[in-house]
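Enquirer: Below are the structure tokens for one structure; questions will follow.
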Amino acid sequence: MSRRAIAPALLLALALARIALSDRFADREIEVPAPDLDGQSSARAREILRDLAPGDRLAGLEVDRVSGPAGGEICVEMRAGDGRGMRAWIGERGARGYDPAVRTERFDLFYGPPSPGAASVPDPTSVEVLRALAERIDPAGAPAPPPTP
């Protein structure tokens, strides 16, 4: 069989494999480290977060790092006293195309583990932190209740 005859079958097999894998992993968060940016981007993050900075505390967690916006989102990395942590991403409402853990009038807030393989704070703690963050960044728009599964 010639290469030309095999190519369509190979492309079809690859497309089907991609579809199968994308459905299998559709509910998983993609970890994209947010780079440190300076200048106007950092100024925008400080403005939105109302000067939240490393060392500040938010719902019992200490802020380690604030970065972005990168890819349209600001990333806040936090940790508890026991070393467990989390990341919070703040982006424009509706930008990701799926329901956030917490939503305000202007922003969607998502959370994930602090880094691959690191211990995370429990989900209820993460949502509590996102609610505190939502009240800080959008005090006029109280957080909406979390979406129901």
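Enquirer: Mind checking which residues of segment 56-111 are aromatic (Phe, Trp, Tyr) and within 18 Å of residue 136 (Cβ to Cβ)?
Expert: 89, 107, 110, 111
Enquirer: While we're looking at this one, here's another question. Scan segment 78-98 and report the pairs whose first residue is on the phi > 0 side of the Ramachandran plot and whose second residue is surrounded by fewer than 20 Cβ atoms within 10 Å (Cβ to Cβ), with Cβ atoms within less than 9 Å and a gap of 6+ or a chain change.
Expert: So the pair list comes out as 83/118; 83/119.
Enquirer: Is there any pair with a first residue in segment 44-61 that is closer than 12 Å to residue 80 by Cα and a second that is assigned to a loop (DSSP other than H, G, I, E, B) whose Cβ atoms are under 8 Å apart and which are 6 or more apart or on different chains, and what are they?
Expert: Close Cβ pairs satisfying both conditions: 58/52; 60/80; 61/80; 61/121.
Read the figures in this text as sums done on the coordinates, not as results from a lab. Keep in mind that what you see is a predicted model, and the values were worked out from it rather than measured. Methodologically, a virtual Cβ is constructed for each residue, glycine included, from the backbone with ideal geometry; neighbour enumeration extends over all protein chains shown.
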